[in-house]
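> The structure under discussion is supplied below as structure tokens; questions concerning it will follow.
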Amino acid sequence: MTLLKKTLIATTATMIASTGAVWAEAHQLDANAARLDATLDTDGDGEVSNDEIIEGNMAFFDTDGNGAIDADERGVAEEMLMTSNGTITVDMMQEASGSAGLMVDFDVNAARLDTTLDTNGDGEVSDDEIIEGNMALFDTDNNGMVDADERGRAEEALRTGSFAEVDAVRTGGSDGLPMIDVRAARLDMTLDTNGDGEVSDSEIIEGNVAVFDMNGDGVLDAEERGIAEQKVRSNS
């Protein structure tokens, strides 16, 4: 994977709405509603077909952002439309795209044309709006906000087109270990799942699956757990 390539699970960069930290919840496609949208009925037969939904929602299904729906993307889209009960969520898109091995580029030029990111309504998408609108990409410590250090790395990435520094922090730099503030995690009582008043190493690891799940399969395998335990011990 090149530095400019990200898995859909990691970034969903082409699908991010303008609502900052809650973009994942906000972005969904209601297939049942789409079937009632007469503007999608391009052949005028009185029905909105799967093909018309896919083509009419190009930005949603065009995961590589090239302006067209290729064979892989169409296959994922058709599978989602056939198996969903109406609402297609980001989670469904991530799962389907991940299983299909699809990748997305973070295209800064395309982001500048994405008017959903223009939150101040001035007609232009600024660096700040790109950064905030793509929270999941630049929030390398996964705390739900882009702090000063992350903003600096994000601005550098936008200027240079290189995500090397962002990637290095996300993966823990040269040692390849994920980054997490263990001391802060021990004070985060939302991680105390057994209710004993203390946050254990295991609870930190399980509560930060997205940080330690380096292959993006949603679970921690033995190797990832070993790396996670090493990271937690070394930063305690």
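> Considering each of ASP196, ASP188 in turn, give the residue that is open to solvent by 50 Å² or more (accessible area, probe 1.4 Å), within 17 Å of ASN143 (Cβ to Cβ) and either modelled with pLDDT of 85 or more or of a type in the set (Asp, Glu) (or both).
None of the other options fit; the residue is ASP188.
> Wholly within the stretch 14-114, which strands (runs of 3 or more DSSP E) include no fewer than the required count, namely at least 1 residues that are modelled with pLDDT under 80, open to solvent by less than 60 Å² (accessible area, probe 1.4 Å) and of a type outside the set (Ser, Thr, Tyr)?
Values: elements: 28-30, 87-89, 103-105.
Here the list reads 87-89, 103-105.
> Residue pairs, Cβ under 8 Å, 6 or more apart or interchain, first in the stretch 27-43 and in contact (Cβ under 8 Å) with a residue 12 or more places away in the chain, second open to solvent by 30 Å² or more (accessible area, probe 1.4 Å) and of a type in the set (A, V, I, L, M). List them.
none
Yes/no matrix, rows are residues, columns are (1) under 30 Å from VAL108 (Cβ atoms); (2) at pLDDT 80 or above; (3) not in a helix (DSSP H, G or I):
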residue: VAL146; (1), (2), (3): yes, yes, yes
residue: SER162; (1), (2), (3): yes, no, yes
residue: ALA210; (1), (2), (3): yes, no, no
residue: GLY216; (1), (2), (3): yes, no, yes
residue: ILE227; (1), (2), (3): no, yes, no
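The values are calculated or read from the model by the stated rules, or taken from the named source; none is laboratory data. If you're wondering where the values come from, they're calculated on a predicted model, not measured in any experiment. Every residue, glycine among them, receives a Cβ derived from its backbone with ideal geometry; neighbour counts consider all protein chains shown. These area figures cover heavy atoms from the full protein model, side chains too; ligands, DNA and RNA do not enter into them. Shrake-Rupley method; radii C 1.70, N 1.55, O 1.52, S 1.80 Å.
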